[in-house]
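Just so it is clear, none of the values below were taken in a lab; they were calculated from the coordinates. The model shown is predicted, which means the values in this text are computed figures rather than measured ones. Because the Cβ atoms are built from the backbone with ideal geometry, glycine has one as well, and the counts that use them run over all protein chains shown.
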Amino acid sequence: MKSGVILTAAGLAGIAVLVGQMYADAQPHREASTTQRFADPGGVAGGTPDLIVCIVSGIGEYGTVGGISAYAIGTTSQNNSTGGLWLSWRDTAPNANQHPVIAQNLFRLKDGRFEQIGISWLKHGFCAADSNICGSCANAAGCDWLGVGCADTYGSNLNGNQSLLGPRFEVNPVTGFFPFPHTTPTGNSTLRGRMQVEINDVNPALNPGAVYFVESQYITPDDAGTVTANNNNSYRPASVGALYDPPGGSGLAWDLTTTGSTHQQDPAIQAWQDQDPSVSLVNIDVANDGRFILGYKVTDLGGGTWHYEYALNNMNSDRAAGSFSVPIPACVTVTNEGFHDVFYHSGEPYDGTDWPVTVGGGDVSWSTDDFTANPDANALRWGTMYNYRFDADSPPTPATLEIGLFKTGAPVSVSASAVGPTARTLSPDITGPFGVPDGCVDAFDLGAMFGAWCSGVNDPNPPSPPCENCNPALLCLVDISGPVDGVPDGCVDAFDLAKLLAAWCSVAGGNPCGTCSP
């Protein structure tokens, strides 16, 4: 039975020990710059702090207001440290900001697209329960510390308790620092701060065949920025049941239920590849910052068209992403460009404007406002995933994609080895008597080439760049070669003429087109 109960802050310390016994059903597993960690009374020199999410458990519904539903996810964390290190769970002065914060996210896989459709504020941890749920709790450390091997559980009712929720914008995922007391969420009393989802995004009638995944991510000052900073996410499949009227809620919500087992230390984007082996994932680490994960998939739509689908997950980069670009070779046509992001809520200050797309200059790119112009622009910040997509009339080939970093600093961008459209292979059979290629390389093709001639030799406007007067539309037809490995070079000149004459196979002159090389 679902619980929509909201507990008050009073008495939570005592309840934490009890909820440590709830939702026990997990499985193991998978994987940055050193920062401070807090001195702990149980640790020894040389140990490595490590906090993981060992169980993602029950989902609680709180109702629907204005087409938006509110949820919360139960989570259990475990101290996986070496060297006997305890992890700080302190939430009172003077150490009030020395505890974990917990992000909750919802993702949907539908028609080959993997998108984030839900995002929460951050539950602030308090009073470690030191239970044996995820393994042997070797040395219980008391309320202010989580002992080695020990687990701490918050049910969905605690992770949805609005008095314990703080914003993501206050947390630096690289250092784990956040101010305390934290800002409190604003807005509708049913929704504010909780994991918010558009009700139509989980309506089974509108999403036939869709599969859902919930994810929890812990950020804690103890292991932020260390070699174990990239294993703080875990995900679990979820299913959608009937409409549900939570006690004390306002409006029906679709009943979300966890299924299967927890995929420990795997971010939710891993589920895309787990469900679809044709998906590729690439880790992109930013020096002195955090990690992005790029997922991509290309689908042959038939008829000479391919669909390119990219999902970029910012796991824990504080500098965030402000642009994303894919190289597009000359004469490749791009259509059906798309973008998908998350919607911030409850007082997060970010501008939710969609990233506009630009096609030209050798790439297709999406970008938000520059940081110096708008620090609250819709950058891809930590714990979120954005999608970029398009169709192209060219099959995939290995390509280097660029991610522009939002906050100022060095480097200004990072690259990812993925795929993009292949450069067109242009034929000397440019045209024919009816204006389309006819299987011959003859006077029609020669006439088209001379009609578009724009050689760098005898440039009419020196010292301007050669071929600056070439017609771009004609280049896609007649610029068939160049001086470097025969690659088109933006001129129509002797290199193109030589390729055309080498392939000459005109009906006139006793050289029938049947001899043309395909």
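Using the per-residue mean of other Cβ atoms lying within 10 Å as a proxy for protection, in what order, highest first, do the peptides 293-300, 260-267 fall?
By packing density, highest mean first, the sequence is 260-267, 293-300.
Please order W382, W366 by the number of other Cβ within 10 Å, starting at the fewest.
Ascending number of Cβ neighbours within 10 Å: W382, W366.
Return C143, C440 ranked ascending by Cβ neighbour count within 10 Å, so the fewest neighbours appear first.
Details: C143 18, C440 25.
In increasing order of surrounding Cβ atoms, one gets C143, C440.
From the phi of every residue in the stretch 192-202, what ³J(HN,Hα) in whole Hz does the Karplus formula 6.51 cos²θ - 1.76 cosθ + 1.60 yield, where θ is phi - 60° and glycine or proline is x?
Working through the residues one at a time gives 3, x, 6, 5, 9, 9, 5, 4, 5, 6, 10 Hz.
I want to make sure I understand the PRE zone here: with the label point 7 angstrom from the Cα of T422 toward its beta carbon, which residues in the stretch 371-400 have backbone N atoms less than 12 Å away?
From the stretch 371-400, the list is 394-398.
Taking the Cβ of each residue in R194, R381, R90 as the centre, tally the other Cβ atoms inside 10 Å and list the residues starting with the fewest.
Fewest-to-most ranking of R194, R381, R90: R90, R381, R194.
Hey, can you grab everything whose amide H is under 5 Å from the amide H of T397? Only 5+ residues off in sequence or another chain; H modelled, so Pro and N-termini drop out.
Hits under the 5 Å cutoff: G420, T422.
Which residues among the stretch 376-392 fall inside the zone where the amide N is under 20 Å from a point 7 Å beyond the Cα of E198, along Cα→Cβ?
Of the residues in the stretch 376-392, 378-381, 384-390 have backbone N under 20 Å from the label point off E198.
Using a simple spin-label model with points 7 Å from Cα along the Cα→Cβ vector, what separation in nm is obtained for D351 and E468?
Simple spin-label model gives 3.4 nm for this pair.
Computed from these coordinates, which is mean projected area of the Cα convex hull in nm²: [x] 29.4; [y] 26.0; [z] 24.8?
Read-out taken from this structure: [x].
Would you grab the residues whose amide H sits under 5 Å from the one on I119? Only those 5+ places off in sequence or on another chain, please, with H modelled 1.01 Å from N.
L106, Q196
Sort 330-342, 207-219 for me by packing, meaning the mean count of neighbouring Cβ atoms within 10 Å per residue, highest on top.
207-219, 330-342
Calculate the length of the line joining the C-alpha centroid of the stretch 403-417 to that of the stretch 83-98, in whole Å.
Between the Cα centre of the stretch 403-417 and that of the stretch 83-98, the gap is 33 Å.
Which shape class applies to the stretch 199-318: rounded if a/c is under 1.5, otherwise prolate when a/b exceeds b/c and oblate if not, where a ≥ b ≥ c are the square roots of the Cα gyration tensor eigenvalues?
Numbers: a/c = 2.36, a/b = 1.15, b/c = 2.06.
Since a/c reaches 1.5 but b/c is at least a/b, the shape of the stretch 199-318 is classed as oblate.
For the stretch 430-449 and the stretch 51-72, what is the separation of their C-alpha centers, rounded to whole Å?
Cα centres, the stretch 430-449 to the stretch 51-72: 64 Å.
Can you compute the modelled spin-label distance between A373 and A287, with each label point 7 Å from Cα toward Cβ, in nm?
Result: 2.8 nm between the two label points.
What full-extension length gain, to one decimal in nm, is calculated for A93 and L206 as 0.36 nm per residue of separation minus the Cα-Cα distance?
35.8 nm
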